[in-house]
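Heads up: the structure comes next, in structure tokens.
The values are calculated or read from the model by the stated rules, or taken from the named source; none is laboratory data. Predicted model, so just to flag it, every value in this text is computed and none were measured. We place every Cβ from the backbone using ideal geometry, glycine too, and count neighbours over all the protein chains shown.
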Amino acid sequence: MSAKIRRWAGYGAGGALIITGLAGLLVDAARTHPFGWALWFGGLIVAHDALVVPVVLAVGAAFAVLREPFRSPARAGLVVAAVVCLVALPMVLGIGRRADNPSLLPLDYGRNLIAVLTVIALAAASAMAVSHLRTRPEARTRVLLGAAAGLTGGLLVSSLMAVQGMLDATGWALSLVNAVIMGAVLGAVAGRRARDLATAFSCGVLVGLLDWASWQLTLRPLLDGAVPTWSIGFAGRYFRDLVGDVLLGGIAGVLLYAGLTARQAAAARSAPAVSAAPAAPPRIVIIGGGFGGVSTARRLDRHAARGLRAEVTLISDTNALLFTPMLAGVASSSLEPRHVSAPVRAALSHTAFLHGHVDAIDTARRVVHVATGEQGMAAVPYDLLVLAVGSVPHYFDLPGLAEHAFALKTIGDATRLRNHVLGMLERADLETGSIRAELLTFVVAGGGFAGTELIAELFDLVHGVLHQYPNVRDVEPRFVLVHAGERILPELSAELGEYALERLRRRGIEFRLKTVVAESRPGAVRLGDGETIPTRTLAWTAGNHPHPLAAALPAEHGRGGSVVVDSFLRVAGVEGVWAVGDCALIPGADGRPYPPTAQHALREGRTVADNIAALLTGRSLTEFRFRGIGVLVALGHRTAVAEIRGHRLSGLFAWLLWRAVYLAKLPGGERKARVLADWLIELAFPRDIALTPSPSRPAPEPRPSTPGAPMSNGTTASSARGARHE
Amino acid sequence: MVLESAVTDAQVRGAPGGAVITLVQGVSGRFTSRLHSERVAVQLGVWLGVSFTVAFVTGLISHFMQHPPAWMLWPSRPVNLYRVTQGVHVIGGPATIPLLFGKLWTVYPKLWQWPPFRWTSYVLYGALVIHVTNEWAKVRRNLWTAECVETQEEPRSRRRFLGTVAAASGLTVLVTVGETFAPLSKLAVLAPRAPGVGPQGVPVNRTAVAAGVSQMIRRPDFRLVVTGAVRSELSLTLTELSGMPQHTVRLPISCVEGWSAEAGWTGVRLRDLAERAGVVPDAVMVVESLERSSIYRSSEVRAPHWNDPLTFLALRINGSVLDPDHGYPVRLIAPDRPGVLQTKWVTRVMVS
């Protein structure tokens, strides 16, 4: 009998059954109301597709917020609960109840359904607790010890009550189950805090009291169908149970403490002296007061508040965290310099702050040499070091750049650039002839986020104040963006990059793509293809490389001198050193390193702090995994482009979003208020053209002087992207 | 995001329908769980097939027990046969719902791919047979020949998925089955009937008030008449019935709704009454009720049943006189018999 014959026999049988059914439906039409049947059938399908599926999809999406060990039990519990609700719904609604037949739907189905759902919820919660404990051996031991202590205490108390004739067989079973659950809760909650007998005992008493309150006063009345009243009169009836529960809790607490101490003693005996915990708390030093460093320190503060024993110090040569995304606004006179820096000390609670410049790191002796203080030098010893020194502008040893180009890395850079541009406008107003064109030409090197935003902001600045300089009205200011790659804003999708280019080009900004800057002279900039642009202003955002401190570390280095770390953010090959931010090369899930942005540095700081805390308390480390949320680029003229989780936005709405997002990210309520005020004032008044005293050009960052440490030269060309903080 | 790409594609293609197609394909691509696999679908499909077949077969049994064709003679033993088949039929219904939803969820993405009551059960089952025939090759491939290589993650998540579905079915059964399966009656918190709740501790389907007999049963001129192809007609009062030899038996009432309850019935054997009236061994009796307007106002009792010593015309339940809702003054009670055929308020037995 071939498969084909079998198949056709099946079709035939099925078809026959269907025809029988349909025929019967029609023949008995009077009784079966085929139209009503079809309506009901069709309605079921429509209800499924129109109601059930969207609800299921929505709930499923909502569940994405739960992490994996918790997601499956929660989802399973919800599925089971949904099915039970569906089945019970007609009965809860009382459909079909008749006055003359009390035996139909006689039960309180609402209450019963709630009871069944509670059971499902408890089962799911227990499954989640179990899978959580499975990954945390420490917590599991505590819970089990607590349960054992509870059981022992329960046996004692129950036998006491049985001797006085207060318990029967079911009473025994219930009270033992109650004791075990209470003990487990006690272990989970108090296991870490029970450092001495008194604390353990009081925790036990408290948990016993809570147990009594939640069971006798709340759950039991609910199950009996009454509303719980937490009145003294009601409670007085269950006084005996209160005594029993409190006694049980106290005994369990004492037993738990005994168990924990015994375990600790056993562990100490079996692991003699090899790595005794230091009597003094471990010293953690963070170098760098940028996004990475400050977020590490803040996260360690949080751990310290929860009991982590550690001495944390943050060393930085500036005492404020610079909010780099708003630097272009400072350079274009739209924001005040001090409003975009948040003092570090205000953000730290437990961490100590040291204002100084780190000269060298001695990884062998675990000492950081800082240039500060009366003696001029201080040696800060450490047990664990976090390197968050970030990146510095890199001029590729091109002639003239270090002397003439304006970087945009610090507040000083931005202020200098602003004063220079305004100074150029003043000079141009004095002069006549073609020199004015040279004075009013502004070249920006680097077409990443920093360069694009800067040129757009400078354009807005110059064109916004040009009317105040009467002698330059006939000269058109010129803005040129030089970019080595094929298109600007390479992190964005091609479409958005093209759009941005077009918007800027339409305003009159010139672009030199696939070109590099070759030389900078006092009055001109020479490009790689030979073109010379007469200008007095060259802003440089086309290259950053990691701070020389990172390059000097005796570890493996990546492109440009960044320190190679593993996915836990530990530096390989050097004991006790971690690295985050622009100065580190962190492997991503797909093998490509994470880009150097502020978004990433912030989260890397949190992860490294969590990992250090885990290391110090014997827990497992977590890998750093982050999928960027999106990118926003402001293009001046109240427009911006944004790409958030795949959604592309542009125009005024994107610009408002840019302002809203960065205002929200700015640390400190006071700073937010000031920046908001600056922006609001900008709506009504033109930009400020007052020149302010310019900080002098800083000397290039000296190579660190570590005796014997190998110097590494980051001579390979960094990417043209530039380390733009997003 | 899906709309975005759909619009983009439509703009690129220039076809309005293209946007819809792209949208649909985009939706299908969003279902990324590996549980949308053939293997899971097949396993659920097998359970569903079993469940539907059981429901169909037990449903047919129930139908033919209530309306037997002339040639069909149902046996009167085992006593609990109808109780079991109907219990399985009704309780199995809610238990199938999670299976159905699980199966729909598993195959849902495929539904988006382009170039898509008594007679109702025939249609459904016929459709199922055709569907199974179609998918048979997949069943063989996935269950009997382990052809596909799986990663480590798949079996675990598959087992979790199937386990969840099984748990849902199991819990639904657990909270309803007690209405027919006595040992689990304490757990039946979501069953439409609770065993032991009702007049005289037994639930009721059709009350005296609903049947419209509350006045008639109290009339002093009530007679139980045995007539038809009998040697001598009988017309008995309640007192005379009580005077005949009484026997007691424990039998369940198995309602077509899916619940059942056992009770101790005391009364007159139908066989004794037949002997008294003089009836041939293969006669068919029609027991008629005082109720006027119901398709179940009378029921046929065929030879296997009325010859069974356990078939009674009962006068008392659990020692006390029948409640009107339970059929006062006389009701029929027999083993292996659907509840609707256990005629209440019996007034006439017609022999043919």
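Assess whether A:GLY146 counts as being more than 30 Å from A:GLY191 (Cα to Cα) and more than 9 Å from chain B (Cβ to nearest Cβ).
no
Looking at the stretch A:86-102, is at least one residue surrounded by fewer than 16 Cβ atoms within 10 Å (Cβ to Cβ), within 11 Å of chain B (Cβ to nearest Cβ) and modelled with pLDDT of 85 or more?
No; the residues of the stretch A:86-102 include none that is surrounded by fewer than 16 Cβ atoms within 10 Å (Cβ to Cβ), within 11 Å of chain B (Cβ to nearest Cβ) and modelled with pLDDT of 85 or more.
Given the stretch A:164-271, what helices (runs of 4 or more DSSP H) lie entirely inside it while holding 3 or more residues that are β-branched (Val, Ile, Thr)? Full working, then the answer.
Values: elements: A:169-190, A:197-212, A:220-224, A:232-237, A:239-270.
Of the helices (runs of 4 or more DSSP H) lying wholly inside the stretch A:164-271, those with at least 3 residues that are β-branched (Val, Ile, Thr) span A:169-190, A:197-212, A:239-270.
On the basis of being among the β-branched types (Val, Ile, Thr) and either farther than 21 Å from A:VAL565 by Cβ or at pLDDT 95 or above (or both), does A:VAL380 make the cut?
Taking the combined requirement at face value, the residue satisfies it.
How many residues, within the stretch A:161-185, are over 47 Å from the mean Cα position of the chain (by Cα) and either surrounded by 14 or more Cβ atoms within 10 Å (Cβ to Cβ) or modelled with pLDDT of 85 or more (or both)?
Of the residues in that region, 5 qualify.
Mind checking which residues of the stretch B:179-198 are farther than 30 Å from A:ARG75 by Cα and facing another protein chain (nearest Cβ under 7 Å)?
Of everything in the stretch B:179-198, those that are farther than 30 Å from A:ARG75 by Cα and facing another protein chain (nearest Cβ under 7 Å) turn out to be B:ARG193, B:ALA194, B:VAL197, B:GLY198.
Do you know which of the residues in the stretch B:282-306 that are under 18 Å from B:LEU234 (Cβ atoms) and not in a strand (DSSP E or B) is nearest to the chain's Cα centre (by Cα)?
Once the filter is applied, the top-ranked residue is B:TRP306.
Could you list all residues from the stretch A:310-329 that are among the β-branched types (Val, Ile, Thr) and outside any loop (DSSP other than H, G, I, E, B)?
Scanning the stretch A:310-329 gives A:VAL312, A:THR313, A:ILE315, A:THR324.
May I ask you to list pairs of residues, at least six apart or on different chains, whose Cβ atoms are under 7 Å apart, with the first in the stretch A:262-279 being loosely packed, with under 10 Cβ neighbours inside 10 Å and the second being in a loop (DSSP other than H, G, I, E, B) and modelled with pLDDT of 75 or more?
Pairs that qualify, where the first residue is loosely packed, with under 10 Cβ neighbours inside 10 Å and the partner is in a loop (DSSP other than H, G, I, E, B) and modelled with pLDDT of 75 or more: there are none.
Which numbered condition in (1) assigned to a helix (DSSP H, G or I); (2) within 11 Å of chain B (Cβ to nearest Cβ) is the only one that A:ALA121 fails?
Unmet condition: (2).
Would you check which residues across the stretch A:283-297 are under 19 Å from A:THR617 (Cβ atoms) and part of a helix (DSSP H, G or I) and list them?
Residues satisfying the conditions are A:THR296, A:ALA297.
Which residues, taken from the stretch A:401-455, are of a type in the set (Val, Ile, Thr) and within 19 Å of A:ARG478 (Cα to Cα)? It would help to see each step written out before you state the result.
As a first pass, look at the stretch A:401-455 and keep what is of a type in the set (Val, Ile, Thr): A:410-411, A:415, A:421, A:432, A:435, A:441, A:443-444, A:452, A:455.
Within the stretch A:401-455, A:VAL421, A:THR432, A:ILE435, A:THR441, A:VAL443, A:VAL444, A:THR452, A:ILE455 meet the criteria.
Out of the residues in the stretch A:372-390 that are farther than 18 Å from A:PRO554 by Cα and not hydrophobic (A, V, I, L, M, F, W, C), which is surrounded by the most Cβ atoms within 10 Å (Cβ to Cβ)?
A:THR372
Only residues that are assigned to a loop (DSSP other than H, G, I, E, B) and touching a strand residue (DSSP E or B) at 6+ places or on another chain (Cβ under 8 Å): list them for the stretch B:256-281, please.
Across the stretch B:256-281, the qualifying residues are B:VAL256, B:VAL279.
Taking the stretch A:1-36 as the search range and keeping residues that are more than 8 Å from every other protein chain (Cβ to nearest Cβ) and not in a helix (DSSP H, G or I), which one is modelled with the highest pLDDT?
Residue satisfying both the conditions and the ranking: A:SER2.
Select from the stretch A:610-656 the residues that are in a strand (DSSP E or B) and more than 14 Å from chain B (Cβ to nearest Cβ) and write down the one among them that is farthest from the chain's Cα centre (by Cα).
If we filter the stretch A:610-656 for residues that are in a strand (DSSP E or B), which is where we start, we get A:630-634, A:640-644, A:647-651.
So of that shortlist, the ones also more than 14 Å from chain B (Cβ to nearest Cβ) come out as A:631-634, A:640-641, A:651.
Details: A:VAL631: 15, A:LEU632: 18, A:VAL633: 21, A:ALA634: 23, A:ALA640: 24, A:VAL641: 23, A:GLY651: 28 Å.
Checked the stretch A:610-656; the qualifying residue farthest from the chain's Cα centre (by Cα) is A:GLY651.
Determine if the stretch A:690-703 includes at least one residue that is of a type outside the set (Val, Ile, Thr) and either within 21 Å of A:GLY448 (Cα to Cα) or not in a loop (DSSP other than H, G, I, E, B) (or both).
Checked against the condition, which is being of a type outside the set (Val, Ile, Thr) and either within 21 Å of A:GLY448 (Cα to Cα) or not in a loop (DSSP other than H, G, I, E, B) (or both), the stretch A:690-703 yields no hits at all.
Tell me yes or no: at least one residue of the stretch B:298-315 is among the hydroxyl-bearing types (Ser, Thr, Tyr) and surrounded by fewer than 20 Cβ atoms within 10 Å (Cβ to Cβ).
Going through the stretch B:298-315, the residues among the hydroxyl-bearing types (Ser, Thr, Tyr) turn out to be B:298-299, B:311.
With surrounded by fewer than 20 Cβ atoms within 10 Å (Cβ to Cβ) added as a condition, the list becomes B:298.
Looking through the stretch B:298-315, at least one residue is among the hydroxyl-bearing types (Ser, Thr, Tyr) and surrounded by fewer than 20 Cβ atoms within 10 Å (Cβ to Cβ).
Scanning the stretch A:37-83 for residues that are out of contact with any helix residue (DSSP H, G or I) (no Cβ under 7 Å at 6 or more places or on another chain) and not in a helix (DSSP H, G or I), which turns out nearest to the other protein chains (Cβ to nearest Cβ)?
A:ALA64
Could you say which residue among B:SER214, B:SER254, B:SER235 is touching a helix residue (DSSP H, G or I) at 6+ places or on another chain (Cβ under 7 Å), assigned by TED's automatic domain parsing to the domain that holds B:GLY339 and surrounded by fewer than 18 Cβ atoms within 10 Å (Cβ to Cβ)?
So the residue among B:SER214, B:SER254, B:SER235 that is touching a helix residue (DSSP H, G or I) at 6+ places or on another chain (Cβ under 7 Å), assigned by TED's automatic domain parsing to the domain that holds B:GLY339 and surrounded by fewer than 18 Cβ atoms within 10 Å (Cβ to Cβ) is B:SER214.
Of the residues B:THR176, B:THR133, B:THR106, B:THR164, which single one is surrounded by 17 or more Cβ atoms within 10 Å (Cβ to Cβ), at the interface with chain A (Cβ under 8 Å from one of its Cβ atoms) and modelled with pLDDT under 80?
Going through B:THR176, B:THR133, B:THR106, B:THR164 in turn, the sole match is B:THR133.
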